[in-house]
Amino acid sequence: MYIVMLGAPGSGKGTTAKILAKRLNLPHISTGDMFREQIKKGTELGKLADSYISKGELVPDELTINIVKDRLTWEDTKNGVILDGFPRTKAQAEALDAILQEAGKKVDIVPELIVPDQVIIDRILNRATCSNKECGAIYNTKYKPSKVPGVCDICGSKLVTRTDDNEEAIQNRLEVYRKNVQDLLDYYKEKNVLVSITPEDPTADNASEQAVDEILK
Ligand SMILES: [Zn+2]
């Protein structure tokens with residue numbers, strides 16, 4: 001099964017994609033992770049991608065398409081994949097269709113995770129992460145607080161919150177997402193593969209599992 005996972009930043013798209021991949025025993029292909037890995041390894045591709053990402057620009061379609069095209073030739077993708085972060089534009093969606101078509105495959109389902117803006121904002125603003133890198137536990141001071149405020153339940157280290165995000169910046173990111181995703185939604189709607197997923201309680205601990213259940217229903 002070839003699945004394209006859509007959802008706003010902070011919607012839980014990445015977590016849902018990971019659980020979905022595990023359940024279906026398919027590789028989770030995140031273009032963000034792939035670029036980060038190439039950048040870390042210092043490959044030519046990584047250097048090229050970094051020249052855009054470091055300036056806050058989007059990586060050009062051609063570069064993104066090529067990295068995905070190569071990944072889709074790997075043996076582990078022959079029964080399907082969960083794509084996360086790709087396609088991001090209609091041109092990328094058309095390229096993906098062409099790549100899959102060559103192998104006699106197609107995109108089977110495109111779940112869009114829909115979570116209210118306020119939940120996303122609360123989730124990002126109240127996120128607290130364990131400062132112990134080996135632990136890395138994530139809390140939410142509103143929805144999933146630690147037992148002792150500011151202290152990790154698991155390892156007792158100090159919790160840190162990101163301060164560079166404010167409500168306005170998150171709101172802006174959500175607007176940019178919606179503006180850019182519309183073409184893609186229209187494209188997949190026309191192909192009859194788009195499914196809207198609205199978790200009943202997006203703040204629940206198992207919200208991502210619930211979303212996966214809904215996708216596989
Ligand atoms: Zn910890």
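Every read-out reported here was derived from the displayed coordinates using simple, explicitly stated rules and does not represent laboratory data. Worth saying up front: this structure is predicted, and the values here are computed from it rather than measured. FYI the Cβ positions are ideal-geometry reconstructions off the backbone, even for glycines, and counts take in every protein chain you see.
The count of lysine pairs in segment 68-217 whose Cα atoms are under 20 Å apart, excluding pairs fewer than 8 places apart on the same chain, comes to 25.
Taking max minus min of the alpha-carbon positions on each principal axis, the chain gives extents of 56, 42, 34 Å, largest first.
Rounded to whole numbers, the Karplus 3J(HN,Hα) couplings from phi for segment 148-162 are 9, x, x, 10, 5, 4, 7, 10, x, 6, 6, 9, 10, 10, 7 Hz, using 6.51 cos²θ - 1.76 cosθ + 1.60 with θ = phi - 60°, and x at Gly and Pro. Couplings for segment 194-200, taken from phi via the Karplus curve 6.51 cos²θ - 1.76 cosθ + 1.60 with θ = phi - 60°, read 7, 10, 8, 10, 10, x, 4 Hz in order; Gly and Pro are left as x.
The shape of segment 147-217 comes out oblate: with a ≥ b ≥ c from the C-alpha gyration tensor, a/c is at least 1.5 while a/b does not beat b/c. Of the GluC sites (Glu not before Pro) found in segment 38-129, those in coil by DSSP whose Cβ has at most 15 other Cβ atoms within 10 Å are Glu57.
From the square roots a ≥ b ≥ c of the eigenvalues of the alpha-carbon gyration tensor of segment 22-119, which class results: rounded (a/c under 1.5), prolate (a/b over b/c), or oblate?
oblate
If you keep only loop residues by DSSP, which chymotrypsin sites (Phe, Trp or Tyr not before Pro) in segment 1-99 have at most 14 other Cβ atoms within 10 Å of their Cβ? Here the chymotrypsin sites (Phe, Trp or Tyr not before Pro) that fit, given the DSSP loop and packing criteria, are Trp74.
By the beta-carbon count within 10 Å of each Cβ, the least crowded to most crowded order of Asp165, Asp70, fewest first, is Asp70, Asp165. Remark on Val151: its backbone amide H falls under 5 Å from those of Leu159, a criterion applied only to residues 5 or more positions apart or on other chains, H modelled at 1.01 Å from N. Ranked by how many other Cβ atoms sit within 10 Å of their own Cβ, fewest first, the residues Leu159, Leu48 fall in the order Leu48, Leu159.
Expressed as a whole percent, how much of the Cα-Cα distance distribution for segment 79-160 exceeds 15 Å? Across segment 79-160, Cα pairs with separations above 15 Å total 69 percent.
Here the Karplus relation 6.51 cos²θ - 1.76 cosθ + 1.60, evaluated at θ = phi - 60°, turns the backbone of segment 58-72 into coupling constants of 6, 5, x, 3, 4, 5, 5, 4, 5, 5, 6, 4, 5, 4, 6 Hz, with x for every Gly and Pro. When only the Cβ of Lys, Arg, Asp and Glu is charged (+1, +1, -1, -1), the dipole of the chain relative to its Cα centre reaches about 480 debye. Please report the spacing between the Cα centers of segment 120-161 and segment 56-95 in Å, no decimals. So the separation of the two Cα centres works out to 33 Å.
The H on the amide N of Ala137, modeled in the peptide plane, is under 5 Å from the matching H of Cys130, each at least 5 residues off or on a different chain.
Spin-label model, Asn172/Ser131: points 7 Å from Cα along the beta carbon direction are separated by 2.9 nm. Were the residues from Arg23 through Leu48 laid out at 0.36 nm apart, the gain over their Cα-Cα distance would be 5.6 nm. Taking each DSSP H run with n ≥ 4 as -39500 (n - 2.57) and averaging over every residue of the chain yields -14500 deg cm²/dmol at 222 nm.
Tell me the volume per residue, in Å³, of the convex hull enclosing the alpha carbons of segment 1-50.
That works out to 98 Å³ per residue.
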